[in-house]
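K.L.:
What follows is a single structure, and I will ask about it in a moment.
The values are calculated or read from the model by the stated rules, or taken from the named source; none is laboratory data. These numbers were taken from a predicted model, which means no experiment stands behind them. Please note: Cβ atoms are built from the backbone with ideal geometry, for glycine as well, and neighbour counts cover all protein chains shown. Ligands, DNA and RNA are stripped out before the accessible areas are found, and what is left, the full protein with its side chains, is counted by its heavy atoms. Shrake-Rupley method; radii C 1.70, N 1.55, O 1.52, S 1.80 Å.
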Amino acid sequence: MNAEHQQFEELLESYSLDLLDLEERVFFEQHLYECPECLKIWQSYRQVLSRLAFEAPPVELRATLKDDILSGLGMYDGDSSFPSLTIDSAPAAPVLRPVPPEVRRQDDVLFRRIPLFAALAFGLIAMVWATSIQGERTRLWQDMTSANATATTLGQRVNALSGQVNDLQQENAGLKIEGGVNGKAINFIAAAAVLDIKPAPASRENPSEPSGRIFFYPENRDVYVMIANLPPPPASKVYQLWLNQGDLNIPVQSFATSSDGTAMFHFQAPDDLSRFQKTIVTIESDSHSQHPSVQIVLDGPH
Amino acid sequence: MDEPLKDNTLDIELMADVAMDDRKALSVLYDRYSRVVYALAFRILGNQQQAEEIVQETFWRIWRSRHLFQTQRGEFLPWLIGITRNLCIDELRKRRARPSSIDEGLDTQETLQLPDTSLSPAEQAWESEERRRVRAGLEELPEEQREVIELAYFRGLSQREIAERLQIPLGTVKTRARLALIKLRDILESTG
Ligand SMILES: [Zn+2]
């Protein structure tokens, strides 16, 4: 770790100032999240850079702006935040709530906790989605884009999941699960970007064509991917998702779809998704490909 | 001296209330920080309307992420300013990608320094003191280092773009950035 740390330490300032090229940044971040020393220095630079905001000369701010902003909050309110699942007649459905800050351990693992909260909610959505009949799935799929996705009769499925949820709770001090008859909703924050990826042109008109949807949360660069109608990969092959920017293709995640053609997974993007031209899914021979094959099954512009 | 804006504990408490859907707490955070957010956005974008949109989007993002904040970041101000600056830089990069509108809506950089009625006298004093400290800190940097900070932080240029503009090697950009940030941290941490 120490030799590696020294090699990366020199990049800390350039990284903090957002100067690095994409490749360097991806490379550096892999180290940053594993190195408490670098993380600590980076946080100190973040603090310094935030104070640079005070260098800007004061400017008169429109007095009515505050009301405009506060009255717009309703779009993102409580249970209507995307994609919230409202569970009717759900006995003892678990509710995920953030633990008060004082309970949390302040250590370097903190970066990995947020996705878990979303991932649990994501898991629930995914489970519903994967086990629904086709019509239901299509409807839910459409609802995903609206602010409020509602699914009924989820109680049993939620209960089935609660065992898993409890296991996860053991590992994650950042979550608290509250059961009880009043527990009805699991919130997901609104995605800043929802992107669709489509099959390569040849098969685009097929009604049961494969498709994917990507939910991006820029605050921590969390990305959730849902894939549908994509048959399981051929024997000894995997699907691989890439972020593309010109000649650069960053391998993000390999995955297989289940027998119903679906797959869901989460990853943390190396950068704002808008900085990539598109997302690509290819078929690869193994999960360690560093360059995409020519066989593109899905792609989509950002 | 009273240093209300620097009180991270208070900010974290307010964010905990925001996480419980408390709009009043968000309103308090807005009162504390909207001016600096707006000033930064105007400094970077030079356009009042776009700067207002950045303020709006910044506080909406805080609201949308309210359940995630505490697990994510220990400190509020770096998080807030990080969101603001990212939005501004993304806007700048979009502008650069649209050559026809390069000068789009650049307002005059003359600023109106009006007395701010929504700040308490102590808050006003703290804010102008912080402004003085940060400017003095930047003044202490050698010109060539300050230039790199200006181009990187306020104009969102990549290291390549900075190297091209200043006609210096990439390695020199990195070195200047490194020296600048180390020095700036030393100066500001001793005054802040
Ligand atoms: Zn390190």
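K.L.:
Go through segment B:169-180 residue by residue and turn each phi into a ³J(HN,Hα) via Karplus (6.51, -1.76, 1.60, θ = phi - 60°); whole Hz please, and just put x for glycine and proline.
P.N.:
With the stated coefficients, segment B:169-180 comes to x, 3, x, 5, 4, 4, 4, 5, 4, 5, 5, 4 Hz.
K.L.:
Heavy atoms only, probe 1.4 angstrom, no DNA, RNA or ligands counted: give me B:R85, B:R185 ranked by accessible area, highest first.
P.N.:
The most accessible residue leads, giving B:R185, B:R85.
K.L.:
Here's a follow-up. Given a 1.4 Å probe and no ligands, DNA or RNA in the count, how much accessible surface is buried by B and A, both sides, to the nearest 100 Å²?
P.N.:
Buried surface at the B/A interface: approximately 6900 Å².
K.L.:
Please list, in order along segment A:3-12, the HN-Hα scalar couplings obtained from phi with the Karplus expression 6.51 cos²θ - 1.76 cosθ + 1.60 (θ = phi - 60°), rounded to whole Hz, x for Gly and Pro.
P.N.:
The phi angles translate into 4, 5, 4, 4, 4, 8, 4, 5, 8, 4 Hz.
K.L.:
Given a Förster radius of 51 Å and the C-beta distance between A:S259 and B:E13 as r, what FRET efficiency does 1/(1 + (r/R0)^6) yield to the nearest 0.05?
P.N.:
So the FRET efficiency works out to roughly 0.55.
K.L.:
Any idea what the relative contact order of segment B:120-192 is, in percent, if you count C-alpha pairs under 8 Å spaced at least 6 apart?
P.N.:
With pairs under 8 Å counted, the relative contact order is 38 percent.
K.L.:
Provide A:K237, A:K40 ordered by accessible surface of protein heavy atoms (probe 1.4 Å), highest first.
P.N.:
A:K40, A:K237
K.L.:
Across segment B:120-192, how large is the tail of the calculated P(r) beyond 17 Å, expressed as a percent of all Cα pairs?
P.N.:
Within segment B:120-192, distances greater than 17 Å cover 48 percent of Cα pairs.
K.L.:
Something else now. I'd like the Karplus ³J(HN,Hα) series for segment B:39-46: coefficients 6.51, -1.76, 1.60, θ = phi - 60°, whole numbers in Hz, and an x wherever there's a Gly or Pro.
P.N.:
Coupling constants for segment B:39-46: 4, 5, 4, 5, 4, 7, 9, x Hz.
K.L.:
At 0.36 nm per residue, and after removing the present C-alpha to C-alpha distance, how many nm does the segment from B:Q49 to B:R146 gain when stretched out fully?
P.N.:
32.1 nm
K.L.:
Does segment A:3-59 come out rounded, prolate or oblate by the C-alpha gyration tensor, with a ≥ b ≥ c the root eigenvalues, rounded set by a/c under 1.5 and, if not, prolate when a/b is larger than b/c and oblate if not?
P.N.:
prolate
K.L.:
Can you put A:E37, B:E130 in order of accessible area, largest first, using a 1.4 Å probe?
P.N.:
Descending order: A:E37, B:E130.
K.L.:
Do the alpha carbons of any pairs in B:K94/B:K183; A:K66/B:K24; A:K278/B:K94; A:K40/B:K183 sit beyond 23 Å of each other, and which pairs?
P.N.:
The answer is B:K94/B:K183.
K.L.:
Near the amide H of B:S158, under 5 Å away, which other amide H atoms are found, from residues 5 or more places off or on another chain, if H is placed in the peptide plane?
P.N.:
For B:S158, whose amide H was placed from the backbone, there are no distant partners under 5 Å.
K.L.:
Given R₀ = 35 Å, what would the calculated FRET efficiency be for A:Q30 paired with B:Q167, taking r from the Cβ atoms and rounding to 0.05?
P.N.:
E between A:Q30 and B:Q167, to the nearest 0.05, is 0.60.
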